[in-house]
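Let me begin by presenting the structure, written as structure tokens, before commenting on it.
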DNA sequence: TTCATACTTCGATCATGAGCGAAGCATGTG
DNA sequence: CACATGCTTCGCTCATGATCGAAGTATGAA
């Protein structure tokens, strides 16, 4: 009855407070140095170094040297997805209240999940795109439809300019505050970048909160309207 | 920069091998006794007792006394969802190969995720229902449409007979082998039960594998055809 | 070149928690 | 009632791993 992958090892990596803080800091999507992460974790540089080695060996974190600096990032948005799922469970288990969300309403509304938009607005965007036939499920992954191609081109995203990477273009990511999927993958990243380039939204300095301007939010709601409710609500 | 829920505590609970084995065993959806779980975990009854107390206190597992027996289940399918996500990451990080799945093809194809169908067939069912307008996203959750109501009634599921529970009727659950959503919630459970009642599928004795009969699989594929690919595949 | 900074490695400490033997409590059966 | 079984609690052991001081290596700047 020992079926499937071994989850204890991965969970144990996340289960140390210092390492959890490191991973949470990397959810911002920024590449952070070992010294910065030591500060985030609240431990010395030597302790952080050991932790980072474990996270790297464990396949959760990637490292890149740049002169004397070493930058760390999460390996993939799948890691971010797992952290999101754990956050949802931790938030729920901690309070045992129904539909418990984060204390910070801004985090719930719109925040960075690694490199794409999460929160209620992230979920709304995903659902709107599915409802409008811009995204479509297939047997392998989410597919950007022809209409979707036109849509993102009109938004100002050049799909041919995206890096050739093994990361999928579109991907679901389960949102912990909204308990439903938001859009991850290269397209999710590109869209958030576009919002920021258009000055519709900006990132907060030391937070994962994404703040939309009133005009930006209006434009967002116009582009990604809430899908209509069906008549058969229970 | 200590935003969001504390994930270390939850992850540490999962990060012990004995407790991970317990949780994995409970993914079968069966209610198992403390003695059975001790066996699954490979520890003595006293050790299992301590572990189960931690899982119960931590909000991951629920206990119910029945005479001298005590039965344990996962608290919710959200817990199952987190375990699924961790399994996906563990499978990937363990091998660092692209699109790594489980070793057992049967688990990948169709298996129990707590109480509903998971694997490729679970994902196909979900997507088919969305594509056919039986399930529809709303701002709160997945909604079963009017057409969906008719569909499940015709399948033989009496929605009025489902337990009045705070668990949602429909819910997404991210599938670790297919890396996309399958249907959880009360409806997901009811549908799998219906498949089994119709003898389309059966559960394996000491495994989470769900085996469809040839006729059952044919009927399944007829009811839940694979959504068509859009022309704009990349 | 010297000095400062970023990061890693080593060695030692010690808090933590998993584990089990022993014992006790609760329930069921004959 | 006696005995068996399921489960919990207590006390102790000891392996593990996080932590930091010390020291070393690598890189950058003056």
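The values are calculated or read from the model by the stated rules, or taken from the named source; none is laboratory data. Quantities reported herein were computed from a predicted structural model and do not represent experimental measurements. Cβ atoms come from the backbone with ideal geometry, glycine included; neighbour counts cover every protein chain shown.
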Given the conditions (1) assigned by TED's automatic domain parsing to the domain that holds residue B:113; (2) within 14 Å of DNA strand D (Cβ to nearest atom), every one holds for residue B:83 apart from (2)
I need a count of the residues in the range A:44-71 that are near DNA strand D (Cβ under 10 Å from one of its atoms) and surrounded by 20 or more Cβ atoms within 10 Å (Cβ to Cβ). 2
Report, by residue number, each residue of the range A:147-156 that is within 14 Å of chain B (Cβ to nearest Cβ) and surrounded by fewer than 18 Cβ atoms within 10 Å (Cβ to Cβ). A:147, A:149, A:150, A:153
Under the condition of being free of Cβ contacts under 8 Å to residues at least 12 places away in the same chain and either at the interface with chain A (Cβ under 7 Å from one of its Cβ atoms) or part of a helix (DSSP H, G or I) (or both), which residue from the range B:57-81 is nearest to residue A:85 (Cα to Cα)? B:78
Residues being modelled with pLDDT of 90 or more, in a loop (DSSP other than H, G, I, E, B) and surrounded by 18 or more Cβ atoms within 10 Å (Cβ to Cβ) - total across the range A:3-36: 3
What about residue B:85, is it surrounded by fewer than 23 Cβ atoms within 10 Å (Cβ to Cβ), within 10 Å of chain A (Cβ to nearest Cβ), at pLDDT below 90 and not in a strand (DSSP E or B)? no
Just one of (1) assigned to a helix (DSSP H, G or I); (2) buried (at least 18 other Cβ atoms within 10 Å of the Cβ) trips up residue A:39, so point out which. (2)
Taking residue A:144, is it at pLDDT 85 or above, facing chain B (nearest Cβ under 8 Å) and either over 24 Å from residue B:88 (Cβ atoms) or surrounded by 14 or more Cβ atoms within 10 Å (Cβ to Cβ) (or both)? yes
Unique residue being in contact with a strand residue (DSSP E or B) (Cβ under 7 Å, 6 or more places away or on another chain), more than 28 Å from residue A:170 (Cα to Cα) and either buried (at least 16 other Cβ atoms within 10 Å of the Cβ) or at pLDDT below 75 (or both) when the list is B:171, B:208: B:208
Within the range B:45-56, residues within 14 Å of chain A (Cβ to nearest Cβ), under 30 Å from residue A:178 (Cα atoms) and within 11 Å of DNA strand C (Cβ to nearest atom) come out as B:54, B:55
Does the range A:9-44 hold any residues that are within 9 Å of chain B (Cβ to nearest Cβ), within 11 Å of DNA strand C (Cβ to nearest atom) and closer than 17 Å to residue A:79 by Cβ, and which are they? A:12, A:15, A:16
Tell me which residues, restricted to the range B:1-28, are more than 13 Å from DNA strand D (Cβ to nearest atom), over 18 Å from residue B:69 (Cβ atoms) and in contact (Cβ under 8 Å) with a residue 24 or more places away in the chain. B:9, B:10, B:13, B:14, B:18, B:19, B:23, B:24, B:27
